[in-house]
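Take a look at the structure below.
The values are calculated or read from the model by the stated rules, or taken from the named source; none is laboratory data. Just so it is clear, the structure is predicted and the values come from calculations on it, not from any experiment. Positions of Cβ are generated from backbone atoms using ideal geometry, with glycine treated the same way; all protein chains shown enter the neighbour counts. Protein only, heavy atoms only, side chains kept; ligands, DNA and RNA dropped before computing areas. Shrake-Rupley method; radii C 1.70, N 1.55, O 1.52, S 1.80 Å.
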Amino acid sequence: MSDASQPTSAGGPRLEGPSDPEHDPTASYALEPSYTEALTRRVRATSGRTVQVDTPLSGAPLAHVPQSTDDDVEEAFARARRAQDTWARTPLEARAAMMMRFHDLVLERQDEIIDLIVLESGKARKHAFDEPLHIALTARYYARTIEKHLATERKMGVVPGLTRVEVNRVPKGVVGIISPWNYPFTMALCDGLPALLAGNAVVAKPDAQTMLSALLGARLLDEAGFPQDLWQVVAGPGSEIGTSILQRADYVCFTGSTATGKIIAKTCAERLVGCSLELGGKNPLLVLRDADLEKAAEGAVRAAFSNAGQLCVSIERMFVADQVYDRFLDRFVARTKAMTLGATLDWGNDMGSLVSQAQLDTVVAQVDDAVAKGARVLTGGRARPDLGPYFYEPTILEGVTPDMTCFGEETFGPVVSLYRFHDEAEAVSRANDGDYGLNGSIYSQDGDRARAMAREIRCGTVNINEAFGATFASIDSPMGGMRQSGMGRRQGSEGIHRYTESQSVATQRLVRFAPMLGMSDETYAKVMTANLKIMKKLGRA
């Protein structure tokens with residue numbers, strides 16, 4: 001693996017770097033304080049407390065983020081409710097026009113967005129680019145399909161021509177969104193955009209490690225014309241203000257660990273409010289005997305090592321047909337060894353840093369545990385403090401067994417385990433092992449066979465001849481997890497309808513649903529029974 005130098009300037013609102021980075025990488029701020037102060041003013045916070053956030057690339061400080069209190073959360077919801085009351089009456093076309101302006105701003109300001117993402121998360125620039133790309137796709141899709149998803153819809157009435165039925169989509173109210181650090185721009189915004197278009201307000205609590213990217217998203221919403229109080233941002237540990245959000249939100253959207261997701265689901269159930277949860281995964285990739293091995297190896301690198309494996313849909317288990325195992329392995333290992341690691345803001349790095357010491361500790365512990373119990377490291381397997389404080393090499397393991405932690409537990413790092421399989425039924429069964437079911441991938445040149453196999457895999461999304469991007473970027477289709485990987489879906493119609501209540505309005509003419517014209521109850525029952533039989537003969541549903 002080749003190495004890149006320390007961060008360099010590539011445009012955007014940041015300093016050239018610390019005053020003496022060779023000896024003290026934390027000697028000065030990696031971002032202009034005036035820039036970060038302008039962003040953090042968007043946080044609803046009156047505690048007077050701040051938390052310092054550092055860049056994983058070098059450890060240099062980025063900003064001091066104001067911290068919110070329960071009272072701040074209460075005020076955020078109060079402001080959001082007032083704004084939502086007006087916003088819900090805003091015509092759909094006006095909402096869509098603002099969203100398209102937001103789309104344009106995201107594309108115009110993508111360099112600024114990407115710089116901030118790289119500095120906050122430590123990921124490679126090419127992986128940071130995925131975030132404004134995904135948000136632009138999401139904004140355009142929902143803006144262009146808002147009428148399809150939200151306009152009042154005519155339904156079939158019980159009496160043809162005499163019963164008119166319409167279904168309205170009524171906004172929930174204020175949506176609470178708790179987003180993670182791994183894709184700080186995408187995850188802070190992608191669930192909230194359809195919530196806004198559906199007529200709701202949002203109170204967002206981004207992860208403490210990556211507040212700035214989320215705040216830049218909020219600023220762009222303001223610049224696009226959305227009422228500022230419509231999108232509130234609060235900051236603080238979930239243990240301190242998370243309960244305040246859960247107790248006030250009319251709907252909750254959470255992306256994170258399965259353990260926390262279960263707590264949120266229980267709290268929402270007690271209040272009888274809905275929630276959608278995208279949780280953990282131990283995602284499988286299958287390489288069938290007829291796969292194009294070059295394409296499979298290239299896809300496997302992206303599947304396992306995009307954002308250093310810190311991706312909910314990242315692949316951590318690969319099952320390869322015995323007939324092609326050795327040839328695939330040679331290609332996959334060679335491509336992995338050729339990856340460029342670097343702590344820079346420039347294009348050209350294949351992988352960046354892990355986000356924190358805690359994440360690095362998890363990766364080190366799982367790999368060391370596997371090696372101690374007999375697993376073989378085919379490439380990688382060590383931390384790289386020479387590159388940055390939290391770098392770890394992309395790692396391929398062989399011989400992983402059920403007694404090893406990384407066999408069934410999510411790593412959320414650049415570590416993948418390879419396994420042979422002898423028949424495809426066995427491969428599907430092993431892919432379905434465990435409790436998770438978020439994402440899967442199949443490589444085969446027989447599309448029909450691969451699609452049939454996909455139906456047997458218990459994952460919310462399955463990509464064929466692609467790592468994860470085909471489903472992730474296809475906004476018209478739903479995305480989410482099965483089993484312990486979550487509930488509910490983002491994207492598609494489900495991704496916007498979750499933020500609405502369906503309301504049926506029926507108008508009845510001429511006849512009533514009771515005896516008329518002097519009928520007895522018994523005669524009325526016979527007439528209705530005869531009508532039901534006639535409707536069946538006419539083929540009516």
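For helix 293-305, report the angle its Cα long axis makes with the longest principal axis of the Cα atoms of the chain; keep it between 0 and 90° and round to the nearest 10°. Helix 293-305 and the main axis of the chain meet at about 90 degrees. Converting phi to 3J(HN,Hα) with the Karplus coefficients 6.51, -1.76 and 1.60 and the offset θ = phi - 60°, segment 33-43 yields x, 5, 5, 5, 5, 5, 5, 6, 4, 6, 6 Hz in sequence order, with x at every glycine or proline. Taking Cα atoms, how many degrees apart are the long axis of helix 521-537 and the longest axis of the chain, rounded to 10 and kept between 0 and 90? Once rounded, one gets 50 degrees. The average projected area of segment 247-384, computed from the convex hull of its Cα atoms over all directions, is 11.7 nm². Listed peptides 516-522, 165-171, 465-471 appear in the order 465-471, 165-171, 516-522 once ranked by packing, highest mean of other Cβ atoms within 10 Å at the front. Could you run the Debye sum over the Cα atoms of segment 294-359, one equal point scatterer each and no solvent, and tell me log10 of I(q)/I(0) at q = 0.19, 0.28, 0.29 Å⁻¹, two decimals? Log10 I(q)/I(0), no solvent term: -0.80, -1.29, -1.32. In terms of packing, defined here as the mean over residues of other Cβ atoms within 10 angstrom, the peptides 499-507, 130-138, 472-480 line up highest first as 130-138, 472-480, 499-507. Taking amide H positions as modeled 1.01 Å from N, with prolines and chain starts lacking one, no residue 5 or more places away or on another chain lies under 5 Å from residue 59. Based on protein heavy atoms only, the chain ends up with 41 Å² per residue of surface accessible to a 1.4 Å probe. Rounded to whole numbers, the Karplus 3J(HN,Hα) couplings from phi for segment 99-104 are 5, 5, 5, 4, 3, 5 Hz, using 6.51 cos²θ - 1.76 cosθ + 1.60 with θ = phi - 60°, and x at Gly and Pro. Share of carbon and sulfur in the accessible area of segment 205-335 stands at 50%, probe radius 1.4 Å. Amide H to amide H, with H built 1.01 Å from N, residue 198 comes under 5 Å of no residue 5 or more places away or on another chain.
Considering only 168, 200, 349, the residue lying farthest towards the positive end of the dipole of the chain is 168, judged by Cα position with unit charges set on Cβ.
Report the net charge of residues surrounding residue 512, where surrounding means a beta-carbon distance below 15 angstrom and charges are Lys +1, Arg +1, Asp -1, Glu -1. Value of the local net charge: +1. Remark on residue 275: its backbone amide H falls under 5 Å from those of 252, a criterion applied only to residues 5 or more positions apart or on other chains, H modelled at 1.01 Å from N. Each part reduced to its alpha carbon centroid, segment 435-487 and segment 327-368 end up 24 Å apart. Go ahead and run the numbers for FRET between residue 168 and residue 144, Cβ-Cβ distance against an R0 of 22 Å, rounding to 0.05. After rounding, the FRET efficiency stands at 0.55. In segment 127-283, Cα pairs under 8 Å separated by at least six residues give a relative contact order of 21 percent. Based on alpha-carbon atoms, the Kirkwood radius and the radius of gyration of segment 471-541 give Rg/Rh equal to 1.31.
Solvent-accessible area of segment 34-92 (1.4 angstrom probe, protein heavy atoms only): carbon and sulfur portion equals 45 percent. Taking the Cα centroid of segment 165-229 and of segment 292-318, what is the distance between the two, rounded to the nearest whole Å? That distance is 29 Å.
From helices alone, the chain scores -12000 deg cm²/dmol at 222 nm; the rule is -39500 (n - 2.57) for each run of n ≥ 4 DSSP H residues, then divide by the residue total. What shape does segment 41-126 have by the C-alpha gyration tensor, where a ≥ b ≥ c are the square roots of the eigenvalues, rounded means a/c under 1.5, and otherwise prolate means a/b greater than b/c and oblate the rest? Oblate.
For segment 407-422, 3J(HN,Hα) computed residue by residue from phi via the Karplus equation (6.51, -1.76, 1.60; θ = phi - 60°) reads 5, x, 8, 5, 8, 6, x, x, 9, 9, 10, 10, 9, 7, 9, 9 Hz, glycine and proline entered as x. Its relative contact order, with pairs defined as Cα atoms under 8 Å and 6+ residues apart, puts segment 24-73 at 44 percent. Computed from the Cα positions only, the extents of segment 342-414 along the three principal axes stand at 40, 23, 19 Å, in decreasing order.
Here is the short version for the chain: 190, 253, 312, 406, 459 have no other Cys C-beta closer than 4.7 Å.
The listed residues 64, 422, once ranked by accessible area (1.4 Å probe) with the largest placed first, stand as 422, 64.
In segment 499-540, carbon and sulfur make up what percent of the accessible area (probe 1.4 Å)? Within segment 499-540, the accessible surface is 59 percent carbon and sulfur. Partners of residue 526 within straight-line reach, counting lysines whose Cα lies under 27 Å from its Cα and excluding those fewer than 8 residues away in the same chain: 155, 536, 537. Relative contact order of the chain, taken over Cα pairs closer than 8 Å and 6 or more residues apart, is 17 percent. For the chain, with only Lys/Arg (+1) and Asp/Glu (-1) charged at the beta-carbon, what is the dipole magnitude about the Cα centre, in debye rounded to 20? Rounded to the nearest 20 debye, it is 2960 debye.
Please label the shape of the chain as rounded, prolate or oblate, based on the square roots a ≥ b ≥ c of the eigenvalues of the alpha-carbon gyration tensor (a/c under 1.5 means rounded; beyond that, a/b larger than b/c means prolate, else oblate). Verdict is oblate for the chain. Bridgeable lysines around residue 123 (alpha carbons under 26 Å apart, same-chain partners fewer than 8 residues away excluded): 205, 282, 295, 337. Stokes-Einstein diffusion coefficient for segment 145-266 at 37 °C in a medium of 0.692 mPa s, Rh from the Kirkwood formula over Cα pairs: what value in µm²/s? The diffusion coefficient I find is 205 µm²/s.
Axis angle, to the nearest 10 degrees, between helix 357-372 and the longest C-alpha principal axis of the chain: 70 degrees. So the label point goes 7 Å from the Cα of residue 222 along Cα→C-beta, right? Which residues of segment 34-52 then have their backbone N under 17 Å from it? Once the point is set 7 Å along Cα→Cβ of residue 222, 34-46 turn out to lie under 17 Å by backbone N, inside segment 34-52.
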